[in-house]
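Below is one structure, written out as structure tokens; comments come after it.
Bear in mind these aren't lab numbers, they're just calculated from the coordinates by the rules spelled out. Bear in mind that the values here come from a model prediction, so they are computed numbers and not experimental data. When we count neighbours, we look across all protein chains shown, and the Cβ atoms used for this are built from the backbone with ideal geometry, even at glycine.
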Amino acid sequence: DTLRGLWNLISLPVGIANRFKDSVFPHSISNAFGYNGAYYTLDSLSPGAGYWLKFDSARTIELTGTTISAETIDVTDSWNLIGSISTTLPVASLSSYPPGLIISSVFGYEGSYVTADKIIPGKGYWAKTNGSGKIIMSSSSAVPKSSSSVASDLARMNSLTLVDQAGRRQTLYFGLSDDIRRPLSFFDLPPVPPQGGFDVRFSSQRMLEVVEKGEVREFPLAISSAEYPLMLTWKLSNHAVTASLIDGGS
């Protein structure tokens, strides 16, 4: 598994006897943070769960243990940090009990939040649910056909990309409500990373904002742990929406 310097979302993709954080990840420089409605620290890691962990530099880590071909993960209402199994899975292969439990994109973290289409061994991910239940990962799961992807929705949107001095970037999207096939809640972003984790989002906690035709609205941005100055770029895919950026700083 390849890990970035600073914050990473990680998991245990294999079964091992000694699951203490300092044994599994001796080069980590922070507590391991889990999430149950708020961040909490822990010393021992469990398969199926995702965690925040900070490293002093980029590293490649090999974890050896017994193969995990399937995992059932208990989840609670709203955001959950989930882990991985020993093989790469398409996000579309995730199932849940009760069915339809996942109501968001699945997000990884690569210096900023990114929508994930695969569950990669050793990585951790965020998923939002509409109640308590179970998320099931299995290497034998069939992948259902999807009529619409998040990427196809976002491709119709205008975008705003912010890059900080450390090269970390986040892209946000805006456009017309008629061009989105999914509920806006599907574009909610997970909780802000621990202190020092770069993050940019609309103050609504979403990565996407939309307006009706002819509507005028303001959408404040929330920026966390950025190294200034910031570079900002636009991409206008739909000229039916006009926009301007207002600098609220002093």
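For this structure, a couple of remarks:
- Cα pair distances in segment 60-125, grouped into 10 Å bins until the bin that holds the longest one, percent each: 17, 53, 26, 3
- Solution diffusion estimate, µm²/s, Stokes-Einstein, segment 189-250, Kirkwood Rh from C-alpha pairs, 4 °C, viscosity 1.567 mPa s: 94
- Counting charges near His27 (Lys, Arg +1; Asp, Glu -1) among other residues having Cβ under 14 Å from its Cβ returns a value of 0.
- Annotation for segment 56-158: trypsin sites (Lys or Arg not before Pro) lying in DSSP loop with at most 13 further Cβ atoms inside 10 Å of their Cβ are Lys145.
- Simple label model, 7 Å out from Cα along Cβ direction - Thr115 to Thr60, nm: 3.1
- Cα-only Debye scattering, segment 51-162: base-10 log of I(q)/I(0) at q = 0.14 Å⁻¹: -0.65
- Convex hull volume of segment 89-233 per residue (C-alpha atoms, cubic angstrom): 128
- Under the convention that each Lys and Arg Cβ holds +1 and each Asp and Glu Cβ holds -1, the size of the dipole of segment 109-250 around its Cα centre is about 560 debye.
- Surface/4 estimate of mean projected area, convex hull on alpha-carbon atoms of the chain, nm²: 14.1
- Prolate/oblate/rounded label for segment 1-80 (Cα gyration tensor, a/c 1.5): oblate
- Among the trypsin sites (Lys or Arg not before Pro) found in segment 171-250, those both in a DSSP coil and sparsely packed, with 15 or fewer other Cβ atoms within 10 Å of their Cβ, are Arg181, Lys213, Arg217.
- Prolate/oblate/rounded label for segment 54-95 (Cα gyration tensor, a/c 1.5): oblate
- When only Cα pairs below 8 angstrom with a gap of at least 6 residues are kept, segment 62-199 shows a relative contact order of 28 percent.
- Gln165/Asp74 FRET efficiency (R0 41 Å; Cβ-Cβ; nearest 0.05): 0.50
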